[in-house]
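**Q** Below you'll find the structure I mean.
The values are calculated or read from the model by the stated rules, or taken from the named source; none is laboratory data. Predicted model only: the values in this text are computed from it and were never measured. Every residue, glycine among them, receives a Cβ derived from its backbone with ideal geometry; neighbour counts consider all protein chains shown. Side chains are part of the model used for accessible areas, which takes the heavy atoms of the whole protein and leaves out ligands, DNA and RNA. Shrake-Rupley method; radii C 1.70, N 1.55, O 1.52, S 1.80 Å.
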Amino acid sequence: MNTGLICAAIALFIFQSLSMKLQKAPGLADKLFVNCLFCALAAAGLGAGAALMPSAFMLSGATALYGLGFGLCFALTILFYNLAVSTGPLSYTAFYFSASMLIPTLAGLLWFGEPFSPGLAVGLALFLAAFYLLNSGAGGQMHPRPHWGLYCLLTFLCNGLSAVVQKAQQRAAGGGEAFGFMLVGFSGAALCYALAYFAARRTGGRQAAALLRDNRLAIVLLALGSAGGNVLLTILAGRVAASYLFPLVQGSIVVGVAACSALFFHEKPSARGKLGLLLGACAIAAMNL
């Protein structure tokens, strides 16, 4: 059962990542607008589910607070990631984003009392090497601007903390209230993006109507992938050790996106990229031994 849910979550997140290729939002304000819309659409879909099945959307005060925390971390992750990409090399920025899996892994071992295994250590080392190889050479030789390192650090922290909040909510709720948690989370993220968009819009950006018209498909697909993947990941966080779940899911997403990009978008990986894919596959095998 859990294996099937993990595979489904990975597939949805890969689908989400590939859907980002359909985005036509060149500026920071444009990206924030599209992110706001897909989060609002995800929240609306979950809200419709709550109206049809209210028993599945039970919501305690603690879960509501965790949901707001998740929404804030989720929104800040994308905001800081966009800022980092716009001020420094994509290759190293993407590495920081992927390597954030170390935070829920350490939280699982140190805070949630989960057991350590040699397979986990080997898998983590291989995943980190795979991330580096897959991302190297992807961003040119752009010289980082001021604050790039800070943006990367904040991306690393916020993305990792999002996973920790998911695990903490499931422990607090006894493995329940995942749908209500995500409803609050995506609603909070949409609000954060809206506020950031109105602040960033002063620096320029395309007209909202044009952005909506050009990104309709991307918004729908991103909402489906994000909402579905995060609901499943939250449910799994109540059943599976964080030190195993989040590295496996995050690592598989990176490897899966690279493989799908080569297969469907005809992006030819370099020799380093091919080695990264191989190491990623070995990491998945090592974590499941």
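**Q** Looking for whichever is touching a helix residue (DSSP H, G or I) at 6+ places or on another chain (Cβ under 9 Å), farther than 22 Å from Ser100 by Cβ and part of a helix (DSSP H, G or I) here; the options are Leu41, Leu32, Leu59. Which one fits?
**A** Exactly one residue qualifies, and that residue is Leu41.
**Q** Return only the number of the condition from (1) assigned to a helix (DSSP H, G or I); (2) touching a residue at least 60 places away in the same chain (Cβ under 8 Å) that Ala25 does not satisfy.
**A** (1)
**Q** What is the residue count in the stretch 248-284 for residues that are closer than 18 Å to Cys7 by Cβ and either touching a Cys at 6+ places or on another chain (Cβ under 8 Å) or among the small types (Gly, Ala, Ser) (or both)?
**A** Looking only at that region, the number is 8.
**Q** Confirm whether Leu76 is in a helix (DSSP H, G or I) and at pLDDT below 90.
**A** No, not satisfied.
**Q** Can you tell me which of (1) modelled with pLDDT of 90 or more; (2) under 20 Å from the mean Cα position of the chain (by Cα) is the one Leu195 doesn't meet?
**A** Result: Leu195 passes all but (2).
**Q** Return the residue satisfying two criteria in turn: it lies in the stretch 75-96 and is among the aliphatic types (A, V, I, L, M) and over 16 Å from Asn135 (Cα atoms), and of such residues it is least open to solvent (accessible area, probe 1.4 Å).
**A** Ala75
**Q** Of all residues in the stretch 11-69, which are open to solvent by 70 Å² or more (accessible area, probe 1.4 Å) and among the β-branched types (Val, Ile, Thr)?
**A** Within the stretch 11-69, none qualify.
**Q** Also: Does Leu236 fit the bill of being at pLDDT below 90 and open to solvent by less than 20 Å² (accessible area, probe 1.4 Å)?
**A** no
**Q** Let me ask another. List the residue pairs whose Cβ atoms are under 7 Å apart, where the first residue sits in the stretch 273-288 and is touching a residue at least 40 places away in the same chain (Cβ under 8 Å) and closer than 21 Å to Phe116 by Cα, the second is in a helix (DSSP H, G or I) and open to solvent by 50 Å² or more (accessible area, probe 1.4 Å), and the two are 6 or more positions apart or on different chains.
**A** Ala286/Val122; Met287/Tyr244
**Q** Filter the stretch 198-249 down to the residues that are without any contact (Cβ under 8 Å) to a residue 12 or more places away in the chain and not in a helix (DSSP H, G or I) and list them by number.
**A** Gln207
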